[in-house]
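Reading through the structure tokens given below for one structure.
The values are calculated or read from the model by the stated rules, or taken from the named source; none is laboratory data. Treat the numbers as computed from the prediction; the structure is a model and nothing was measured. Positions of Cβ are backbone-derived with ideal geometry, glycine not excepted, and every protein chain shown enters the neighbour counts. The area values use the complete protein model at the heavy-atom level, side chains included, leaving out ligands, DNA and RNA. Shrake-Rupley method; radii C 1.70, N 1.55, O 1.52, S 1.80 Å.
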Amino acid sequence: MPLDYQVETRTLPNGLRVVVAPDHNVPTVAVNLWVAVGSRHEAVGRTGFAHLFEHLMFQGSRNVAEGEHFSRLQAAGARLNATTWFDRTNYFEVVPTGALDLALWMEADRHGHLLDAVNQANLDNQRDVVKEEKRQRYDNRPYGNALPDIYAAVFPEGHPYHHSTIGSMEDLDAASLEDVRSFFAAHYRPSNTVLTLCGDVSVEAGFDAAAKYFGDLPTVERPPVPPTAPLPPLTTPVRVERVEDVPSDRVYIAFRLPGDRTDDYLACELAMDLLAGMATSRLYRRVVRRERLADHVFRSAFGLAGGVSLGMLGADVAQGHSVAELETAVHEELVTLAASPPTEEEMQVLRAGATRDVLQAFASTQERADFISQYTLLHDDPTYVNTHLEELLAVTPEQIQQAAARYLQPDNTATVVYRRTDSAKDDA
């Protein structure tokens, strides 16, 4: 049975898509903007720009002083932040109902008039902030570069998903004020943005407020970004080995999955859950509890809009065991799943877990608004919030088996291994 959240949409004359999803249970409103610009839209030699822009958007605009976006909204009781990903950059805040006008005014000012405040000083400042973030989150922490390694192994050089959102130090150093202005002009415009209001606001009040603050932003026409050609599953295994100062040997086994909003993607997502998504998962029962080859297992599935997605299984090798032993066990479980579908008991557990996760996420107006913005911007489907769970629950055991056979086999893998310095010779 589908969910029944009220979701209303309207497009302003300047092209901004506005979604209002009323929820009067709590006197707050989630203000959520998604801009169709992420690391896959960056040019060669200019990686990291989308994420750099996320930082610059908090450094002031025409009528907002540097640092004021955080200080004024937090003083009004809001919580706020932003993130950058392959397909988008999003800006979000949850504000008390009475602060909605303040939030919308400030968002409209920076989304329409950021360049009035961008200068060499704040560009240099935020470039240094991003470089320090790269050092802390990637370069100077255990397994910090695992995800960039995985992206580079799964997606071929030149593919939009080949590089990470953080970019390279060299490209960040090369960013000029003219680059910044060109990037903003190319991507930050109403027709490339979705605004979702979810919470204590009526439909008409939400649309009126959006028109009041965003309606005067100029219409900017740009040629559409050509779609990225779909990628098939890997047909030859790819392998990357690192020897670093890490606490334990770790194995990442990654796959090219089909694009988001496809039946095969949902089946792959559930297959990943079946393998490593819970304490009753097949890999947890085998390699952690029974054979004790691993200390723990984990998985991720990233649904992407560019014709291909990413799935990943991971595990830390238990002391006294080897990377080779663990990989063999994982590959055997992949082959087993391709040979026979999940049992009815396993399907009940998967469906219960999916139901819990979706309902728990959507109970938050912030997460619900984020989901609505995602599927409005990337798939033009604002009501997917009401049908997503129904589609997940409709996936059959046979679909999971077939998806595993096509996408999740040993020959389809990109494996990234991090070995401890003192254990690098164990599998030699």
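In whole angstrom, note down how far apart the Cα centers of the stretch 45-106 and the stretch 323-393 are. Measuring centre to centre over Cα atoms gives 30 Å. Counted by Cβ distance under 13 Å from residue 365, the other residues give a net charge of -3, where Lys and Arg count +1 and Asp and Glu count -1.
How would you classify the stretch 103-155 from its alpha-carbon gyration tensor, with a ≥ b ≥ c the square roots of the eigenvalues: rounded for a/c under 1.5, else prolate if a/b is greater than b/c, otherwise oblate? Here the stretch 103-155 falls in the prolate category. Sorted on the mean count of surrounding Cβ atoms within 10 Å across their residues, most packed first, peptides 309-317, 403-411 read 309-317, 403-411. Just to confirm a number: summing +1 for Lys and Arg and -1 for Asp and Glu over residues other than residue 344 whose beta-carbon lies under 13 angstrom from that of residue 344, what do you get? So the surrounding residues net to -2. Share of carbon and sulfur in the accessible area of the stretch 362-428 stands at 45%, probe radius 1.4 Å.
Using a 1.4 Å probe over the heavy atoms of the protein chains, calculate the carbon and sulfur portion of the accessible area of the stretch 285-355 as a whole percent. Provide the component values of the computation, followed by the final result.
On the way: 1490 of 3070 Å².
The C+S portion of the solvent-accessible surface of the stretch 285-355 is 48 percent.
Looking at the stretch 242-314, the trypsin sites (Lys or Arg not before Pro) that sit in a DSSP loop and have at most 15 other Cβ atoms within 10 Å of their own Cβ are 292. Annotation for the stretch 150-248: GluC sites (Glu not before Pro) lying in DSSP loop with at most 13 further Cβ atoms inside 10 Å of their Cβ are 157, 221. Across the stretch 158-264, the relative contact order, built from alpha-carbon pairs under 8 Å that are at least six residues apart, equals 25 percent. Rounded, prolate or oblate for the stretch 151-248? Axes are the square roots of the Cα gyration tensor eigenvalues, ordered a ≥ b ≥ c, and the cut-off for rounded is a/c under 1.5. Judged from the Cα gyration tensor, the stretch 151-248 comes out prolate (a/c at least 1.5, a/b above b/c).
Across the chain, the relative contact order, built from alpha-carbon pairs under 8 Å that are at least six residues apart, equals 23 percent. Apolar share of the accessible surface for the stretch 1-79: 50 percent from carbon plus sulfur atoms, 1.4 Å probe.
Ranked from largest to smallest solvent-accessible area, with a 1.4 Å probe on the protein heavy atoms, 107, 66 come out as 66, 107.
If the segment from residue 139 to residue 124 were pulled out straight at 0.36 nm per residue, it would be longer than the present Cα-Cα gap by 3.3 nm. For the chain, the longest principal axis of the alpha carbon atoms and the long axis of helix 384-393 meet at an angle near 10°.
Cβ under 10 Å from residue 196's Cβ, residue 196 left aside: what net charge do those residues give with Lys, Arg +1 and Asp, Glu -1?
+1
Solvent exposure of the chain, expressed per residue, is 42 Å² of accessible area, with all protein chains present and a 1.4 angstrom probe.
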